[in-house]
Amino acid sequence: MPEYRFNLELARLVVAELHKAGLPRAFLIDEAGTDIPPAGRAALANRKKADILISIHHDSVQPHYLSVWPFEGRQRKYCDRFVGYSLFVSAKNPAYAASRSLGQDIGDSLRQAGFAPTLHHAEPIPGEGRELLDAERGLYRYDGLAVLHRADMPAVLVEGGVIVNRDEELALTDPQRRSRMAQAIAQAIVQAAARFAAAPRP
């Protein structure tokens, strides 16, 4: 199943949970799958004056970790070494402190729901080496993500799991697991939104 399907299913559930929690303005940026580039997603959120931007994805690994196994007549790439979610914020985002706080909230909520992070993005290897801000919560700093640093509002990128891990890919298709993750993400967003609304404006 392509990554977009994983992303869309989880994102739809997060939006539904936000609506149920009393945030009716929550919306999906690219439900039709038109492949809006990352900077374009941030620009759309800016135009709609969103209060928070969550970019939902599912994870892979660096190519040298991938192995090949035959599946249904085709050679498929996989890596069963890493498992778990990860969260990213950008210090170039104008609301970096709030983004980091939101990322911590999401990490806390995911852990309370029984999920664990992967720390492989902090490995000092080409393509990784991200600054690990909070190991317990799986929160990284990654300034090169346009969807985060081009957003005017607090923004967090969520990697829901490592879909090149064969066991985790199967787990991520489970509706109950997906619902539990969506509820955890939405709960953190609701809490952060209330805190941001109560904070004095500069």
Using 0.36 nm per residue, how much length does the chain from Glu131 to Asp174 gain when fully extended, once their Cα-Cα distance is taken away? 12.4 nm
Considering amide H positions built from the backbone, and no H for Pro or chain starts, which residues 5 or more places from Tyr85, or on another chain, come under 5 Å of its amide H? Ala116, Thr118
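Give me the percent of accessible area attributable to carbon and sulfur for the chain, probe 1.4 angstrom. It would help to have the intermediate numbers written out before the result.
Details: 5430 of 10480 Å².
C and S fraction of accessible area: 52 percent.
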Taking only C-alpha pairs under 8 Å that are 6+ residues apart, what is the relative contact order of the stretch 37-92 in percent? 19
Tell me the angle of helix 96-112 to the major Cα principal axis of the chain, expressed in degrees between 0 and 90 and rounded to the nearest ten. 60
The stretch 4-18 - phi-based ³J(HN,Hα) in whole Hz, Karplus 6.51/-1.76/1.60, Gly and Pro as x: 4, 5, 4, 4, 5, 4, 5, 4, 4, 5, 4, 4, 4, 5, 5
Extension gain from Tyr4 to Arg111, taking 0.36 nm per residue of separation minus the Cα-Cα distance: 36.1 nm
Quick one: check the C-alpha center-to-center distance for the stretch 49-105 versus the stretch 112-138, whole angstrom. 10
Could you work out how far helix 175-198 tilts from the main Cα principal axis of the chain, as a 0 to 90 degree angle to the nearest 10? 30
Most positive-pole-ward Cα, Pro2, Thr118, Val158, against dipole of the chain from beta carbon charges: Val158
What full-extension length gain, to one decimal in nm, is calculated for Asn46 and Phe27 as 0.36 nm per residue of separation minus the Cα-Cα distance? 5.5 nm
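Among the chymotrypsin sites (Phe, Trp or Tyr not before Pro) within the stretch 20-105, which fall in a DSSP loop and have no more than 16 other Cβ atoms within 10 Å of their own Cβ?
For chymotrypsin sites (Phe, Trp or Tyr not before Pro) across the stretch 20-105 that sit outside H, G, I, E and B with at most 16 neighbouring Cβ atoms in 10 Å, the list reads Phe27.
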Taking the solvent-accessible surface of protein heavy atoms with a 1.4 Å probe, what is the per residue accessible area of the stretch 1-143 in Å²? 53
Set the Förster radius R0 to 30 Å, insert the Cβ-Cβ distance between Val68 and Leu119 as r into 1/(1 + (r/R0)^6), and round the FRET efficiency to 0.05. 0.75
Only four residue types carry charge here, +1 at the Cβ of Lys and Arg and -1 at the Cβ of Asp and Glu. Report the dipole size of the chain about the Cα centre in Debye, rounded to the nearest 20. 580
As a check on your grasp of the helix formula, calculate [θ] at 222 nm for the chain: sum -39500 (n - 2.57) over DSSP H runs of n ≥ 4, divide by the residue count, round to the nearest 500. -12500 deg cm²/dmol
Based on the Cα atoms of the chain, what semi-axes does the equivalent ellipsoid have, where each is the square root of 5 times one gyration tensor eigenvalue, given in whole Å with the largest first? 27, 19, 17
Quick one: check the C-alpha center-to-center distance for the stretch 1-37 versus the stretch 146-174, whole angstrom. 12
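The values are calculated or read from the model by the stated rules, or taken from the named source; none is laboratory data. Not measured: the values here are computed from a predicted model. All Cβ positions, glycine included, derive from the backbone under ideal geometry; neighbour counts span all protein chains shown. Side chains are part of the model used for accessible areas, which takes the heavy atoms of the whole protein and leaves out ligands, DNA and RNA. Shrake-Rupley method; radii C 1.70, N 1.55, O 1.52, S 1.80 Å.
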